[in-house]
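Quick notes on the structure that follows.
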Amino acid sequence: MGVFLFFLLAVLCVGGVLGFILSRNQAHSALFLVLAFTCLGGLFGLLDAPFIAAVQIIIYAGAIMVLFIFVIMMINLEQGIAPERKRWTLGLSAVLAVFLLVELALAVRGTLGTLGRTGGETIGSPTELGRLLFTDYLYPFEITSILIVAALVGAIVLVKKEGKE
Amino acid sequence: MEIFWLIPLFPGASALVLAVLGKWLPKKAVSWLACLSVFAAFLASAVSFFGLLRVPAESLPVVKTLFPWIQAGSFRSDLALQLDPLSSLMTLVVSGVGFLIHVYSVGYMAHDKGYRRYFTYLNLFTFAMLILVLGANLVLMFVGWEGVGLCSYLLIGFWFEKPSAANAGKKAFIVNRIGDAGFLLGIFFIFLTVGSGDFRAINSAVGGGVVTQGMATLIALLFFVGATGKSAQIPLYVWLPDAMEGPTPVSALIHAATMVTAGVYMVCRLNLLFTLSGAAGQVVALVGAVTAVFAATMALTQNDIKRVLAYSTISQIGYMFIGCGVGAYAAGMFHLYTHAFFKSLLFLSAGSVMHALSGELDMRKMGGLRKYLPLTYPAFLVGAIAIAGVPFLSGFFSKDAILTQAFAQGQYFIWALGLMCAVLTAFYMFRLIFLTFFGPERIDPQVKEHLHESPRVMTVPLVVLAFFSVVAGYVGLPVVFGERANLLTRFLEPVIRPEAEGHLSINTEWMLILASVAVALCGIYIAYVFYLRSPRTPHRLVGRFPAVYRLLYNKYYVDETYNAVFVKPLVGGSRAVYDHFDLRVIDGAVDGTAAAAGFAGKALSVLQSGLVKDYALAFLLGVAVFLGYLLF
Amino acid sequence: MIPLGYFIGLSVLLFVLGVAAFFIKRDLMTMFMAVEVMLNAANLAFVALAKSAGSPAGQVIVFFVITVAAAEAAVGLAIILLVFRQKKSIKAEEMRLMKG
């Protein structure tokens, strides 16, 4: 059952990404990506990480992608942009992408076919994560909050239109 | 006596002060500082001299090492000064005559706008010359040697706005450099054979048989090449007549009394080497004798007072080398010492005449000046009599010493040349006297209006020098007055062994003395006839032998020959090298490097396309490479 | 249950697809979205390994990554907006001010 679910979600995910790549319309691309991220959230759920799965769907698919769509709407381009013409860099990047794929595959081949200890449900529960966040990982937590504030202020300042004076 | 190392320091410090602060010092301060520093050097020399007399001969020379200077492996050269009879004599001459000339310059250069610069250079020269004579090893002596060469260049070209003066300075320096090449080679060979440039080490090496005769000849000849440059002998004498472009006191100090005698000093310092190699001594004597006659013939026809004196100097130094060449080093030094007095006297008097005549140098525009210059005339006359070798003045004693020794060593040809030179010397000196001070007045009327005797600051040194020109010779009485009568030779014994000198019977000695006197008086008489009794004689002679006259007047065309044979090809060659090598290869290399850098930059800037994608590609490439490295 | 390898393999695939997307697309928006794809691929790998190793640290990291990605998206989009205001276009080729 789990495997079937996995392949369903995986196919949908990859399909979403492929749709994102192949689509000419940016809004369509964004929507495809929403699909992909949602499936990803599902996959997280399969991996005994309910909290992360929720966060993924709420934040990533629900907030970040919506942000992207807002901006696409603001930019309001009439037509899509055709993908890259033939340039020598295209060929090189294709080669490199394949190469990267091969390399990574080689790198991870040792892990294929195993799934380690189950570890139980407890590792992904919000209680557990929360406890970790406020004890072992306190510093990163605080610093990340500062980072968010900075990004917030930064984004507002950047986009503010010039004042009348 | 322990203070002898201070001798060069006084003028050296003064030169430094004048160089740095001279611009802001009042003229009076400059004069006092410059003159007093040399006087202080003279006092120190005198004190050291008297102290030296008390030192027993075995502990000579007294050496003071100031500090170890160069130490590179087995090559070692310290900054050390040494005091022995030879160097003491030289310091007395240099500082004494130098002081008088400094005082004279105060008057002579009074209106020159380069006053301070002049005294800076003059003090610097004195410093360098003292280092030269006090140096305890060859390297330090060479430092002084080059120093005086430099100051000579600076002072000859003192009025550098005049092209002829600037060229004369250059000529002096370059010709000297050729001689210095020989000097340097000599130093190298000394280090090769003896292992050290220290004079004590050299002397003991020569005495101990470390140096072979062949090697000694080679080294001595190399050093003598350096001497021909500095002391203006054949073939490197050509700079000295041109050097008269400098101020007259400079000619007196540098080109009469001190710098040009440095070569003689050097030969005497290395006398053991020259004695060991018989051939080198022969060469020295021959070159000296030929130069003496050669220069004297050129002096016969010159119309410029200073040029006559310049050729006379070349000729007299030839005499000194005759003395050294035949082994009579003490006689050579004797003549150096007396010559310093009467030659500088002659030059300073000539300067006085020029000063009186507002800068006129040509003897054809003079005449009858003895009425107007009551102090300069007698001074000049004393100098002329001394140099001609008239008895009882200093020149007579020193010349006689040299000629006697030449004869005693069996060098009859050299002796004959020396005698011939004596005639010529007497002749041209008195030609000068008669043309300048006697006879009809040919002075330009405008110049005559300003005709006046020189100020006291200039005439007092003349008197002092005249006095010494007369009495200085009595320290070297010939053997006829007693075996031990020659005080100078006895004084120089620790440095110069008297065994090198020969001995003659009393009768022969008297004969030689008579010969010298006769020859001198002969020369004077002929000059008298030519220029006073029947003044048309010279013209008639010239008319009969125009080619000979032209040859002599144009100085045997030596300058022109050198120019064609050496100078022009060198200049041409240099230009060719410049065009083909310097411009193309060296500039090409430098420009090429710059161009290559630019090209590389342009090539690399292709990577900076400004596109984010390309930069990302670079990232990807890096990641792929790195991963590959980790995996494989 | 589900072999770890499957998840890792998927993660690798997604990552490479993201890289390819970055190079294929010509406008800034989609390129930026490709970056997000890459981030998510990494997240997937983290979570899978966290499960495999039984350590919740992996999930904590993912939590942070998502947070930072959100912040980065905000600022990045602001910049893209500014660029669009200046140049009236978001074609990547036209952003060549740093050339040379």
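The values are calculated or read from the model by the stated rules, or taken from the named source; none is laboratory data. Because the structure is a prediction, the values reported are computed rather than measured. With ideal geometry, Cβ positions are generated from the backbone for all residues, glycine too; neighbour counts draw on all protein chains shown.
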Within the range A:48-76, the residues that are in contact (Cβ under 8 Å) with a residue 24 or more places away in the chain and of a type in the set (Phe, Trp, Tyr) are A:PHE51, A:PHE68
Counting only residues in the range B:202-222 that are closer than 20 Å to B:ALA57 by Cβ and in contact (Cβ under 8 Å) with a residue 60 or more places away in the chain, the one surrounded by the fewest Cβ atoms within 10 Å (Cβ to Cβ) is identified as B:GLY207
May I ask you to verify whether B:SER48 is more than 23 Å from the chain's Cα centre (by Cα) and crowded, with 22+ Cβ neighbours inside 10 Å? yes
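Can B:PHE427 be described as under 30 Å from B:HIS102 (Cβ atoms) and either touching a residue at least 24 places away in the same chain (Cβ under 8 Å) or in contact with a Ser or Thr (Cβ under 6 Å, 6 or more places away or on another chain) (or both)? Before you say what the answer is, go through the steps one by one.
Numbers: under 30 Å from B:HIS102 (Cβ atoms): no; either touching a residue at least 24 places away in the same chain (Cβ under 8 Å) or in contact with a Ser or Thr (Cβ under 6 Å, 6 or more places away or on another chain) (or both): yes.
Against the criterion (under 30 Å from B:HIS102 (Cβ atoms) and either touching a residue at least 24 places away in the same chain (Cβ under 8 Å) or in contact with a Ser or Thr (Cβ under 6 Å, 6 or more places away or on another chain) (or both)), B:PHE427 does not qualify.
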Among the residues of the range A:1-12, count how many are facing chain C (nearest Cβ under 7 Å) and within 16 Å of C:SER11 (Cβ to Cβ). 2
Set B:THR425, B:THR459, B:THR436: member being surrounded by fewer than 22 Cβ atoms within 10 Å (Cβ to Cβ) and β-branched (Val, Ile, Thr): B:THR459
Please work out if B:ALA262 is touching a Leu at 6+ places or on another chain (Cβ under 7 Å) and within 27 Å of B:PHE188 (Cβ to Cβ). yes
Picked from the range C:10-29 (must be more than 17 Å from C:ILE66 (Cβ to Cβ) and more than 7 Å from chain A (Cβ to nearest Cβ)), the residue farthest from the chain's Cα centre (by Cα) is C:LEU28
Among the residues of the range B:1-56, which ones are assigned to a loop (DSSP other than H, G, I, E, B) and either touching a residue at least 40 places away in the same chain (Cβ under 8 Å) or under 20 Å from B:LEU154 (Cβ atoms) (or both)? B:MET1, B:ILE7, B:PRO8, B:LEU25, B:ARG54, B:VAL55
On the given criteria, is B:HIS355 modelled with pLDDT of 90 or more, closer than 27 Å to B:GLU453 by Cβ and within 25 Å of the chain's Cα centre (by Cα)? no
Tally up the residues in the range A:18-39 that are among the β-branched types (Val, Ile, Thr) and either under 13 Å from C:ALA21 (Cβ atoms) or more than 15 Å from the chain's Cα centre (by Cα) (or both), please. 1
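Does C:SER52 satisfy the criteria of being surrounded by 17 or more Cβ atoms within 10 Å (Cβ to Cβ), of a type in the set (Gly, Ala, Ser) and more than 7 Å from chain A (Cβ to nearest Cβ)? First the steps, then the outcome.
Values: surrounded by 17 or more Cβ atoms within 10 Å (Cβ to Cβ): yes; of a type in the set (Gly, Ala, Ser): yes; more than 7 Å from chain A (Cβ to nearest Cβ): no.
When the stated conditions are applied, C:SER52 does not pass them.
For the range B:350-446, list the helices (runs of 4 or more DSSP H) that sit wholly inside it and hold at least 2 residues that are charged (D, E, K, R); which are they? Break it down stepwise before answering.
Numbers: elements: B:376-388, B:394-408, B:412-437.
Qualifying helices (runs of 4 or more DSSP H): B:394-408.
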Out of the residues in the range B:608-632 that are assigned to a loop (DSSP other than H, G, I, E, B) and facing chain C (nearest Cβ under 10 Å), which is nearest to C:MET98 (Cα to Cα)? B:GLY610
Take the range A:27-45 and flag every residue that is facing chain C (nearest Cβ under 7 Å) and either farther than 12 Å from C:THR30 by Cβ or touching a Ser or Thr at 6+ places or on another chain (Cβ under 6 Å) (or both). A:SER29, A:PHE37, A:LEU40, A:LEU43, A:PHE44
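Here's the yes/no breakdown for (1) within 19 Å of A:GLY41 (Cβ to Cβ); (2) crowded, with 23+ Cβ neighbours inside 10 Å; (3) in contact (Cβ under 8 Å) with a residue 24 or more places away in the chain; (4) more than 7 Å from chain A (Cβ to nearest Cβ):
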{"position": "C:TYR6", "(1), (2), (3), (4)": "yes, no, no, no"}
{"position": "C:MET31", "(1), (2), (3), (4)": "no, no, yes, yes"}
{"position": "C:LEU39", "(1), (2), (3), (4)": "yes, no, yes, yes"}
{"position": "C:ALA48", "(1), (2), (3), (4)": "yes, yes, yes, no"}
{"position": "C:ILE61", "(1), (2), (3), (4)": "yes, no, no, yes"}
{"position": "C:ALA71", "(1), (2), (3), (4)": "no, no, no, no"}
{"position": "C:LYS88", "(1), (2), (3), (4)": "no, no, no, yes"}
{"position": "C:GLU94", "(1), (2), (3), (4)": "no, no, no, yes"}
Are any of the residues in the range B:507-521 surrounded by 12 or more Cβ atoms within 10 Å (Cβ to Cβ), at pLDDT 85 or above, among the hydroxyl-bearing types (Ser, Thr, Tyr) and within 16 Å of B:ALA426 (Cβ to Cβ)? yes
Look at A:LEU100 and say whether it is part of a helix (DSSP H, G or I), crowded, with 17+ Cβ neighbours inside 10 Å, at pLDDT 80 or above and within 8 Å of chain C (Cβ to nearest Cβ). no
